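Student: Here it is, the structure, as structure tokens.
The values are calculated or read from the model by the stated rules, or taken from the named source; none is laboratory data. Values in this document were obtained by computation on a predicted structure and should not be read as measured data. Here the Cβ is made from the backbone with ideal geometry for all residues, glycine too, and neighbour counts use every protein chain on show. Keep in mind that these areas ignore ligands, DNA and RNA; they rest on the heavy atoms of the full protein, side chains included. Shrake-Rupley method; radii C 1.70, N 1.55, O 1.52, S 1.80 Å.
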Amino acid sequence: MIRAIVFDLDGVLRHFDSKSIDEIEQRHNLAHGAIHSTAFSTPLLGMVTTGAITRREWVEQVGEQIGNSQAAVEWSKLRPSVDGEVLELVDELRTSDFATAILTNGTDEVPYELHSQGIAPHFDHIFNSAEIGVAKPEPEVFDFVLRVLDLPADSVFFADDSASKLTGAHTRGIHTHHFRDIAGLRRALRDVNVI
């Protein structure tokens with residue numbers, strides 16, 4: 001029986017507007033996709049999401065690698081929009097006595113972001129890879145989540161918009177869902193008798 005639902009953050013609970021990034025790249029005469037491909041490259045992304053470097057240092061390195069620190073700073077100031085429908089579902093789950101949590105491959109600034117955007121109060125637990133020191137899809141990050149929740153894997157449900165991030169959860173026996181939209185998530189939760 002499912003007792004806890006764990007949500008990825010970006011791509012599930014909040015969403016970035018890719019058009020804003022395109023505009024920054026155009027304004028600074030950068031190749032399309034230059035910021036994203038640099039920021040999410042290996043090993044840079046792994047360094048920031050495991051706490052080896054801060055978000056500020058990450059942005060500085062992105063600026064250095066694309067040759068335009070101003071564009072990187074502008075990109076770093078973009079704020080994602082919160083998905084109200086998903087938060088509404090989270091609140092429904094909590095009123096039905098399910099534990100709710102976030103598991104994100106995040107940076108050291110995630111706690112501030114979640115409080116400033118009003119997301120944090122909706123969750124019982126926030127799991128941030130930058131604090132844990134291990135990032136999805138490594139099975140060890142899911143081991144950490146299960147220890148804190150004090151639940152067996154088969155009583156936990158995890159939703160992420162990246163299929164590759166689900167592999168570690170699969171190996172531990174956690175119920176998983178590849179998130180595409182709220183309707184699909186609700187169907188998946190119905191399939192495991194949550195809603």
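Student: Expressed as a whole number of Å, what is the distance separating the alpha-carbon centroids of segment 6-31 and segment 59-80?
Tutor: 12
Student: Sorted from largest to smallest, which semi-axis lengths in Å does the alpha carbon gyration tensor of the chain give for its equivalent ellipsoid, taking the root of 5 times each eigenvalue?
Tutor: 31, 18, 14
Student: Only bridges with both residues in the chain count here: give the DSSP antiparallel percent, nearest 5. Let's see the in-between values first.
Tutor: Working: 2 of 19 bridges.
Around 10 percent antiparallel, to the nearest 5.
Student: How long is the gain from residue 167 to residue 3 if the chain were fully straight, where each residue apart is worth 0.36 nm and the alpha carbon distance is subtracted?
Tutor: Answer, rounded to one decimal: 57.0 nm.
Student: If you don't mind, another one. Suppose R0 equals 22 Å; then what is the FRET efficiency for residue 54 and residue 140 from their Cβ-Cβ distance, rounded to the nearest 0.05?
Tutor: 0.50
Student: Which of 40, 21, 53 sits farthest toward the positive end of the charge dipole of segment 1-58, with +1 on the Cβ of Lys and Arg and -1 on the Cβ of Asp and Glu?
Tutor: 53
Student: Tell me, what % of the accessible area of the chain is carbon and sulfur with a 1.4 angstrom probe?
Tutor: So the carbon and sulfur contribution to the accessible surface is 49 percent.
Student: So, R0 is 35 Å and r is the distance between the beta-carbons of residue 190 and residue 73; what FRET efficiency does that work out to, to 0.05?
Tutor: Details: r = 44 Å, r/R0 = 1.26.
Using R0 = 35 Å, I get an efficiency of 0.20.
Student: Dipole of segment 1-83, Cα-centred, from +1 at each Lys and Arg C-beta and -1 at each Asp and Glu C-beta, to the nearest 20 debye?
Tutor: Its charge dipole is roughly 240 debye.
Student: Assigning unit charges at the beta carbon (Lys, Arg +1; Asp, Glu -1) and nothing else, what dipole magnitude in debye, to the nearest 20, does the chain show about its Cα centre? Each step should come with its number before you reach the end.
Tutor: Numbers: 17 positive and 30 negative charges, 46 e Å.
Dipole magnitude for the chain comes out near 220 debye.
Student: Hey, another quick one. Charges only on Cβ, +1 for Lys and Arg, -1 for Asp and Glu: so what's the dipole of segment 147-195 about the Cα centre, in debye to the nearest 20? Spell out each step's value before the answer.
Tutor: Values: 7 positive and 6 negative charges, 11 e Å.
Roughly 60 debye for segment 147-195.
Student: Let me ask another. How much accessible area per residue does the chain have, in Å², with a 1.4 Å probe?
Tutor: 50
Student: Could you work out [θ]222 nm for the chain from helices alone, using -39500 (n - 2.57) per DSSP H run of at least four and dividing by all its residues? Round to the nearest 500 deg cm²/dmol. Please list the in-between numbers first.
Tutor: Values: 11 runs with 92 residues, N = 195.
Calculated mean residue ellipticity at 222 nm is -13000 deg cm²/dmol.
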